[in-house]
Amino acid sequence: MAEQKKVIIVGGHGKIALLAAPRLVDAGLRVESLIRNPDHADAVAVTGAVPRLLDIEQADLSSLAEAFAGAWAVVFSAGAGGGNPARTKAVDHQAAVRTMDAAAQAGAQRYVMVSYSRSEVDINTLDPQSSFYPYAEAKHHADNYLRATELDYTILGPGKLTAEPATGKIITTDAEGAVGASSQGGPTATETSRENVAEVIRHVLVEGAAVRQTVNFFDGDTPISDAIS
């Protein structure tokens with residue numbers, strides 16, 4: 001029997017992570033989820049993932065590389081949650097970069113970043129005094145750092161996240177959130193179900209799709225397998 005590929009989810013108690021973990025486990029992957037609060041271990045274990053205690057905001061490169069030992073893929077689904085610009089930079093940019101370096105050092109092949117749909121362009125249009133700017137800036141720089149690595153990355157850019165159930169159908173967009181002319185109809189709302197994000201994470205890992213690509217997407221009418229190759 002072939003050894004299971006190991007996937008590490010960073011930010012394992014996040015809403016998307018808790019939805020992605022059971023989908024990856026069901027696909028035959030061994031999932032370990034990093035959490036910083038031991039009280040969250042039971043909620044992670046219920047998904048079929050193995051909870052691992054590590055605060056990525058405080059962890060240095062060697063600690064992260066040790067945590068990633070033997071991993072085939074790393075999924076970054078952590079976030080500071082907004083409200084504190086310094087912590088947003090520390091988690092969404094600086095800690096994210098350390099996880100990329102650690103993934104490379106540990107020999108992980110794949111890296112999936114959960115970003116947002118306008119991360120490439122928002123810092124050019126947002127007022128720097130906007131409360132959203134620190135997050136936009138952090139994600140922009142983290143995503144660009146990832147693009148410059150040699151990792152087989154996929155950057156996922158969902159729209160405004162919702163708690164709607166998965167439809168398994170999306171519509172891809174450009175960096176500014178515009179739907180391409182080649183898209184065949186479908187909703188034009190700029191929302192994305194967290195469950196659909198989890199389905200996309202499963203798809204890109206299991207099918208080897210969108211390697212070294214950025215995929216911005218909203219809920220739509222095209223099956224994920226047709227929308228992302």
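Values quoted throughout were computed directly from the atomic coordinates according to the rules given, and no laboratory measurement underlies them. All of these numbers come straight from a predicted model, not from anything done at the bench. FYI the Cβ positions are ideal-geometry reconstructions off the backbone, even for glycines, and counts take in every protein chain you see.
All alpha carbon pair distances within the range 1-130 were sorted into 10 Å bins beginning at 0; the resulting P(r) in whole percents reads 13, 43, 32, 11, 1, 0. Extents of the chain, taken as max minus min of Cα coordinates on every principal axis and listed largest first, are 47, 45, 34 Å. Debye calculation, C-alpha points only, no solvent: report log10 I(q)/I(0) for the range 77-157 at q = 0.15, 0.16 Å⁻¹, in the same order as the q values. Cα-only, vacuum Debye calculation for the range 77-157: -0.49, -0.56. Loop-resident GluC sites (Glu not before Pro) (DSSP state other than H, G, I, E or B) in the range 1-98 with no more than 16 further Cβ atoms inside 10 Å of their Cβ: E3, E57. Cross-linked pairs K5/K139; K15/K169; K5/K169; K15/K160: Cα-Cα separations exceed 22 Å for K5/K139; K5/K169.
Placing a pseudo-label 7 Å from each Cα along the Cα-to-Cβ vector at A148 and D39 gives an inter-label distance of 3.9 nm.
Under the combined filter of DSSP loop state and at most 11 neighbouring Cβ atoms within 10 Å, the range 86-152 retains these GluC sites (Glu not before Pro): E150.
On alpha-carbon atoms, Rg over Rh for the range 102-229 using Kirkwood Rh? Here Rg/Rh amounts to 0.97. Dipole magnitude for the chain: computed about the Cα centre from +1 point charges on Lys and Arg Cβ and -1 point charges on Asp and Glu Cβ, it is near 300 debye.
Along the range 30-44 the Karplus relation, 6.51 cos²θ - 1.76 cosθ + 1.60 evaluated at θ = phi - 60°, assigns HN-Hα couplings of 8, 10, 10, 10, 7, 9, 9, 10, x, 5, 8, 4, 5, 5, 6 Hz to successive residues, with x for each Gly and Pro.
The 3J(HN,Hα) values that the Karplus relation (6.51, -1.76, 1.60; θ = phi - 60°) gives for the range 156-169 are, in residue order, 9, x, x, x, 4, 6, 10, 9, 5, x, 5, 9, x, 10 Hz. Gly and Pro appear as x.
Paramagnetic label reach from F132 (point 7 Å along Cα→Cβ; backbone nitrogen cut-off under 15 Å): within the range 67-91, residues 82-83.
Please report the relative contact order for the chain, taking Cα pairs under 8 Å with a sequence separation of at least 6, and give it as a percent rounded to a whole number. The normalised contact order for the chain reaches 19 percent.
Placing dummy labels 7 Å off each Cα toward the beta-carbon, the span from T162 to L61 is 4.3 nm. A viscosity of 1.306 mPa s and a temperature of 10 °C, combined with the Kirkwood radius over C-alpha pairs in the Stokes-Einstein formula, give the range 6-78 a diffusion coefficient of 134 µm²/s. Based on DSSP H runs of at least 4 residues, each adding -39500 (n - 2.57), what is the mean residue ellipticity at 222 nm of the chain after dividing by all its residues, to the nearest 500 deg cm²/dmol? About -9000 deg cm²/dmol.
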